[in-house]
Amino acid sequence: MINIPKGTKDVLPSQSYKWQYVENTAREVARVFNLKEIRTPVFEHTELFTRGVGDTTDVVNKEMYTFEDKGGRSVTLKPEGTAGAARLFIENGLASSPMPVKTYYITPCFRYERPQAGRLREFHQFGMEIFGAESFTQDAEVILAASSFLEKLGVRTRLEINSIGCKTCRAEYNAALRKYFAPHLDGMCPACRARFGKNPLRMLDCKEEACKKIAAAAPAITDYLCADCADHFAGLKNLLTAQGVEYTVNPRIVRGLDYYTKTVFEFVSDAIGAQGTVCGGGRYDGLLEELGASPLPAIGFAAGIERLLLLMENTSAAFPEDGKPLIYVAGLDDACRAEAFKTVCFLRSKGIAAETDHTGRSVKAQFKYADKLGVKFVAVIGGDELASGEIKIKNMSSGEQTAVKCADIYAYLTKE
RNA sequence: GCGGGCGUAGCUCAAUCGGUAGAGCGCCAGAUUGUGGCUCUGGAGGUAGCAAGUUCGAAACUUGUCGCCCGCCCCA
């Protein structure tokens, strides 16, 4: 027996409708917010991620599925969606389209990590990326879209936002952080000592107790934002408030991907274990330039579909019912089953979900099976029906039986 | 990469002191000959994760190994 690879999950026939519901909801939100779908390859040149996501990040350093293909090229299974979206935007010259360019995707992603609750090696994201708008109103729109998506799914989360500044104010802030942390370095973990040189921002996010204590008194980015970034953040907060979106400012959220600038945000839940971030995103005004294109502001988010599903199940969120066939056509013997098959083919050609027997079961067993399928009607074809050209159709909830002429079955089924 | 927990039927789980494997659910069939849900009866289904060791005897005890789960790190 060969079993499923570590950190991956099957979606079973009894569960797929839940995925479809989440995906359909995502597409509906995208439609209302005027986003167009994009699809990028599952693998890209490794360099896209080392440059795009950032080679100081854990995602790039230890979590990528990287391999050499037969032509000796280094390729990587996408660990996230933004870099590929940016590559698509640049490579296809979308910079010459009317701005902003608003896109979304639903895609598998891959990270080589130890699996735990809400964390898989293959997972799925619904994400949106919007290129070419620098206004805080665009930030607000993206957060509103995420919020609306979560609300439609009936899940409760808290929204945490922060601003991590632009190139200029971040440089100043990093200097301030280094100045603050320098005398404390001896008491901090090795990871933080490494972060000190590369990206001191992330020292704020360390979970080690000792580091946490030291970081607690560190200067806050919000005190170092340049006038432009401060206005941007203030404008965003005002807009969110005006739209009735509750949020808290959490100066600790810095996010682990290097491309973020200015606004960052997370929708977090406590109901799904330690990995509580259901949706996260932010602005990445420097990414396109980093990838070699002309500078262009952009912002986006990604929501983890498995985490959402987990959250929905843990909080008994409502799913719509799974689809069921409308009618089961039972046949008494082989001749009748042949007639039942014909009838079902006809109904299906008319767009009616119909089912019939393929196992040679008794009529009784066919009824049992039909009941388990949850059909509304069962039609029985026996010798009498073959002779008379009328079929008895039973309503499974009321138990009533009606004789219907073969030619009128479709009309009967669609009359309500 | 590190820490903790757990591996018995498709699923959820039992079995006194080590004595050679069970229930519920699910599946299939039947309860007088063409009709579901409830009930009853029967059936199929297990190399006890795997491998060593201790023992007259191991699902149980020991060791190793593999797998899964949860947590750390990080993130969706």
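The residue pairs whose first member lies in the stretch A:368-397 and is small (Gly, Ala, Ser), whose second member is more than 7 Å from RNA strand B (Cβ to nearest atom), and whose beta carbons are closer than 6 Å, counting only pairs six or more residues apart or on different chains, are A:Ala370/A:Tyr328; A:Gly374/A:Lys324; A:Ala379/A:Val329; A:Ala379/A:Ile391; A:Ala379/A:Ile393; A:Gly382/A:Cys336; A:Gly389/A:Cys406.
Among the conditions (1) more than 30 Å from A:Pro79 (Cα to Cα); (2) in contact with a Leu (Cβ under 8 Å, 6 or more places away or on another chain); (3) part of a helix (DSSP H, G or I); (4) open to solvent by 10 Å² or more (accessible area, probe 1.4 Å), A:Glu306 misses just one, which is (1). Would you check which residues across the stretch A:243-289 are of a type in the set (S, T, N, Q), part of a strand (DSSP E or B) and either within 11 Å of RNA strand B (Cβ to nearest atom) or out of contact with any strand residue (DSSP E or B) (no Cβ under 7 Å at 6 or more places or on another chain) (or both) and list them? Within the stretch A:243-289, A:Thr277 is the sole residue that qualifies. For the stretch A:177-202, what are the residues that are open to solvent by less than 60 Å² (accessible area, probe 1.4 Å) and in contact (Cβ under 8 Å) with a residue 40 or more places away in the chain? Once the filter is applied, which keeps residues that are open to solvent by less than 60 Å² (accessible area, probe 1.4 Å) and in contact (Cβ under 8 Å) with a residue 40 or more places away in the chain, the stretch A:177-202 yields A:Leu177, A:Asn199, A:Leu201, A:Arg202.
Collect the residues in the stretch A:223-235 that are in a helix (DSSP H, G or I) and open to solvent by 20 Å² or more (accessible area, probe 1.4 Å), keeping them in residue-number order.
A:Asp223, A:Ala227, A:Asp228, A:Ala230, A:Asp231, A:Ala234
Considering the conditions (1) touching an Asp or Glu at 6+ places or on another chain (Cβ under 6 Å); (2) among the small types (Gly, Ala, Ser); (3) surrounded by fewer than 18 Cβ atoms within 10 Å (Cβ to Cβ), A:Ser135 is excluded by exactly one of them, (1). Restrict the check to the stretch A:347-355 and report whether at least one residue is within 12 Å of RNA strand B (Cβ to nearest atom) and out of contact with any Phe, Trp or Tyr (no Cβ under 6 Å at 6 or more places or on another chain). No: zero hits. Would a scan of the stretch A:356-373 turn up a residue that is near RNA strand B (Cβ under 9 Å from one of its atoms) and either on the phi > 0 side of the Ramachandran plot or of a type in the set (Asp, Glu) (or both)? For the stretch A:356-373, residues near RNA strand B (Cβ under 9 Å from one of its atoms) and either on the phi > 0 side of the Ramachandran plot or of a type in the set (Asp, Glu) (or both): present. Scanning the stretch A:1-47 for residues that are more than 16 Å from RNA strand B (Cβ to nearest atom), within 30 Å of A:Glu91 (Cα to Cα), open to solvent by 40 Å² or more (accessible area, probe 1.4 Å) and outside any loop (DSSP other than H, G, I, E, B) yields a count of 10. Flag set for A:Leu332, criterion: within 12 Å of RNA strand B (Cβ to nearest atom), more than 21 Å from A:Ser14 (Cβ to Cβ), open to solvent by 30 Å² or more (accessible area, probe 1.4 Å) and touching a residue at least 12 places away in the same chain (Cβ under 8 Å). Taking the stretch A:235-249 as the range and being touching a residue at least 60 places away in the same chain (Cβ under 8 Å) and not charged (D, E, K, R) as the test, the residues that pass are A:Gly235, A:Leu236, A:Leu239, A:Leu240, A:Gln243, A:Val245, A:Tyr247, A:Thr248, A:Val249.
Scanning the stretch A:143-176 for residues that are out of contact with any Pro (no Cβ under 7 Å at 6 or more places or on another chain), open to solvent by 10 Å² or more (accessible area, probe 1.4 Å), farther than 30 Å from A:Ile272 by Cα and in a helix (DSSP H, G or I) turns up A:Lys167, A:Thr168, A:Arg170, A:Ala171, A:Glu172, A:Ala175. Criterion first (more than 32 Å from the chain's Cα centre (by Cα), within 16 Å of RNA strand B (Cβ to nearest atom), over 19 Å from A:Arg283 (Cα atoms) and among the charged types (D, E, K, R)) does A:Lys207 satisfy it? No. Among the residues making up the stretch A:236-260, those that are touching a Phe, Trp or Tyr at 6+ places or on another chain (Cβ under 6 Å) and open to solvent by 10 Å² or more (accessible area, probe 1.4 Å) are A:Tyr259, A:Tyr260.
Only one entry of A:Ser294, A:Ser316 meets the criterion of being away from RNA strand B (no atom under 13 Å from the Cβ), at pLDDT 95 or above and either open to solvent by 50 Å² or more (accessible area, probe 1.4 Å) or touching a Cys at 6+ places or on another chain (Cβ under 6 Å) (or both), and that entry is A:Ser294.
Counting only residues that are crowded, with 18+ Cβ neighbours inside 10 Å, give me the strands (runs of 3 or more DSSP E) lying completely in the stretch A:48-120 with at least 1 of them. So the answer is A:74-77, A:101-110. Here A:Glu134 clears all of (1) away from RNA strand B (no atom under 15 Å from the Cβ); (2) in contact with a Cys (Cβ under 6 Å, 6 or more places away or on another chain) except the condition numbered (2).
The values are calculated or read from the model by the stated rules, or taken from the named source; none is laboratory data. The model shown is predicted, which means the values in this text are computed figures rather than measured ones. Because the Cβ atoms are built from the backbone with ideal geometry, glycine has one as well, and the counts that use them run over all protein chains shown. For accessibility, only protein heavy atoms count, side chains too; no ligands or nucleic acids. Shrake-Rupley method; radii C 1.70, N 1.55, O 1.52, S 1.80 Å.
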